[in-house]
Amino acid sequence: MTIWAIVPAAGVGSRMAAGNPHNLPKQYRPLGEKTVLSHTLGKLLAVPDVVSVTVAIGAEDGYWQSIPESTHSRVHTVIGGTERMFSVLNALQALKAERDDWVLVHDAVRPCVLVSDIERLIAHLKDHPVGGLLGCAVDNTIKQIGAQGEVVKTVDRDSLCNALTPQMFRFGVLQAALQRASELGLPVTDEASAVELAGLQPQLVLGDKSNIKITHEGDLALAELLLSSGAE
Ligand code: C5P
């Protein structure tokens, strides 16, 4: 079983622009002693089965070389695209992978993922024909709202879950699904949606809720707390 990892890290983090004193992309914001991206890469590199980690960075990225993982022997880079899916496609193209190899795609901005969750995802899916993703339950009651903010209805949360990363798919399945989505201009915000649009059913594997996506300024403090709790 060969497992490759891809980290799309070419986003500019526009939702975090306000209140960002250094105008740093969120993957390069300090988090404890390291950057967000260093923590994230450290989690993937801690999994011995991961052959290499390909990081998609922005064409104008001036920060990559400043993080220690940039010179790691299992870490490589490609230039990302204008959307997350194009960044992942560029990374897939750079892999010397076989059709049935596994690819783990993990957001650069999810530094709190537990190594044990990555290992559990791999263990659950290793014989699956397609692949799947980490997810966690939706705790809040969810409302569907109209254009003016009026509640249209309450959605049954028992049939919902939050999609997390890593998402783990067979190389051939993922590349074909993303290529198709790109050619047809289909809306894709994660790998699983491209695979679903290709008519396949990714498998959900429950993961820990601490695997937050750093999106807003306040998420950094929460991530620091989660990392300092020492859970692995
Ligand atoms: O912006 P968003 O939070 O959806 O980004 C999710 C991940 O995708 C981040 O790790 C970001 O760096 C990456 N991304 C990318 N290329 C883009 C846009 C986002 O690699 N063009």
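Checked against (1) within 18 Å of Ile118 (Cα to Cα); (2) within 10 Å of the ligand (Cβ to nearest atom); (3) open to solvent by 30 Å² or more (accessible area, probe 1.4 Å), Ala46 passes all but a single condition, namely (2). If you go through the stretch 61-101 and pick out every residue that is open to solvent by 70 Å² or more (accessible area, probe 1.4 Å), of a type in the set (Asp, Glu) and either more than 12 Å from the ligand (Cβ to nearest atom) or in contact with a helix residue (DSSP H, G or I) (Cβ under 7 Å, 6 or more places away or on another chain) (or both), you end up with 2. Selection within the stretch 133-146: residues that are in a strand (DSSP E or B) and either more than 17 Å from Ser159 (Cα to Cα) or without any contact (Cβ under 8 Å) to a residue 12 or more places away in the chain (or both). The member of this set that is least open to solvent (accessible area, probe 1.4 Å) is Gln144. Considering (1) within 15 Å of the ligand (Cβ to nearest atom); (2) under 27 Å from Pro111 (Cβ atoms); (3) open to solvent by 40 Å² or more (accessible area, probe 1.4 Å), the lone condition that Ser182 does not fulfil carries the number (2).
In the set (1) acidic (Asp, Glu); (2) modelled with pLDDT of 95 or more; (3) more than 16 Å from the ligand (Cβ to nearest atom); (4) farther than 25 Å from Val188 by Cβ, the condition left unmet by Glu33 is number (2). Scanning the stretch 197-232 for residues that are under 17 Å from the mean Cα position of the chain (by Cα) and within 21 Å of Asp158 (Cα to Cα) turns up Pro202, Gln203, Leu204, Val205, Leu206, Gly207, Asp208, Lys209, Ser210, Asn211, Ile212. Considering the stretch 102-115, the residues that are away from the ligand (no atom under 14 Å from the Cβ) and buried (at least 17 other Cβ atoms within 10 Å of the Cβ) include one that is farthest from Ile57 (Cα to Cα), namely Leu114.
Answer with yes or no whether Val109 is assigned to a loop (DSSP other than H, G, I, E, B) and within 28 Å of Leu220 (Cβ to Cβ). Yes: the conditions hold for Val109. Against the conditions (1) away from the ligand (no atom under 16 Å from the Cβ); (2) open to solvent by 10 Å² or more (accessible area, probe 1.4 Å); (3) part of a helix (DSSP H, G or I), Leu121 satisfies every one except (2).
When Asp127, Asp139 are checked against the criterion of being modelled with pLDDT under 95 and more than 16 Å from the ligand (Cβ to nearest atom), a single residue qualifies: Asp139.
Among the conditions (1) surrounded by fewer than 16 Cβ atoms within 10 Å (Cβ to Cβ); (2) of a type in the set (A, V, I, L, M, F, W, C); (3) over 18 Å from Val109 (Cβ atoms), Val205 misses just one, which is (1). Annotation note: Cβ proximity below 8 Å between a residue of the stretch 1-30 that is farther than 17 Å from Asp61 by Cα and modelled with pLDDT of 80 or more and a residue that is open to solvent by 50 Å² or more (accessible area, probe 1.4 Å) and among the charged types (D, E, K, R) (sequence gap 6+ or interchain) occurs for Met1/Asp49; Met1/Lys126; Thr2/Glu98; Ile3/Asp49.
The values are calculated or read from the model by the stated rules, or taken from the named source; none is laboratory data. What you see is a predicted model, and the numbers here were worked out from it, not measured in a lab. Because the Cβ atoms are built from the backbone with ideal geometry, glycine has one as well, and the counts that use them run over all protein chains shown. When the accessible area is computed, the model is the full protein with side chains, heavy atoms only, and any ligands, DNA or RNA have been set aside. Shrake-Rupley method; radii C 1.70, N 1.55, O 1.52, S 1.80 Å.
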